[in-house]
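Written below as structure tokens is the structure these notes are about.
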Amino acid sequence: MKGFFFKEHIFMPYERMQAIDDKQWFFYRPFKVCEVQIHVAGTEKTLTLHAIKVTEAVEIKQRRTNNFGVIDVNDETEGNSVIEQAKWTVELSVYHTVLEAVLSLKTYVGMFVLLSFITQVSEYYDSHQLEASVSKIISLGFFVIVIVVMGAFIISTLLGILMKLIRHYHFIVSGFADYFVIERGLFQRHRTTINHAKIQAYTLKHNWLMHLLGYTSIRVIQAGDDTESSNLIMPLIKKDELSVFF
């Protein structure tokens, strides 16, 4: 229930909860609260609880999975609720996180934007001004031009790697009896709980760079989802390790 002048009551059956994603900014941790997003099966609607106690978020997940007594909502460690012992855990190392950023074509978006910007700017130049600018650049020498281009490329790549590290920092997938939990993020920890019964299919996605080196990523599609709204459960994994992971 929410609202002051106009009250709104949202009824959410537990069986319609597709996935539960709780986000905890670093400044939320001292207060032991988090933001919870509950995805509704069959729709694009998401119910957001902006700041609730971590123990309350755990209780929602507990009731959704019907594992009463498994999760102790009163036991907490470092602001994060303690859940049942994981049957298996897979963690993405820092090396593989950096490798994922290097292999991702999105890392080089900055370089593409820079080249596009140069192309757009050149259209507004007078032909004589453009020729003069080109002549001036050439007069600086080929070596300087290469340094400028490589510098822009390196800066773009480093920014892309930094964004990946922030987003996928300490990426962990923990498996339990009826569900698994995905945790990631540096400044904001994301925890997504996915019930095995809700899983429709797994998809493998990789670009040509990843394909050449034998890597791929794994996404999960739940009931009512499509490929655009699938959840990333492993950003980078060797193809020959897929059978062991599954």
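We did not get these values from a lab; they are worked out from the coordinates using the rules stated. What you see is a predicted model, and the numbers here were worked out from it, not measured in a lab. Heads up, the Cβs are rebuilt from the backbone with ideal geometry, glycines too, and the neighbour counts pull from every protein chain shown.
Annotation for segment 1-37: trypsin sites (Lys or Arg not before Pro) lying in DSSP loop with at most 13 further Cβ atoms inside 10 Å of their Cβ are 7.
What the phi angles of segment 146-154 give under the Karplus curve with 6.51, -1.76 and 1.60, with θ = phi - 60°, is a coupling list of 4, 5, 4, 5, 5, x, 5, 5, 5 Hz, glycine and proline written as x.
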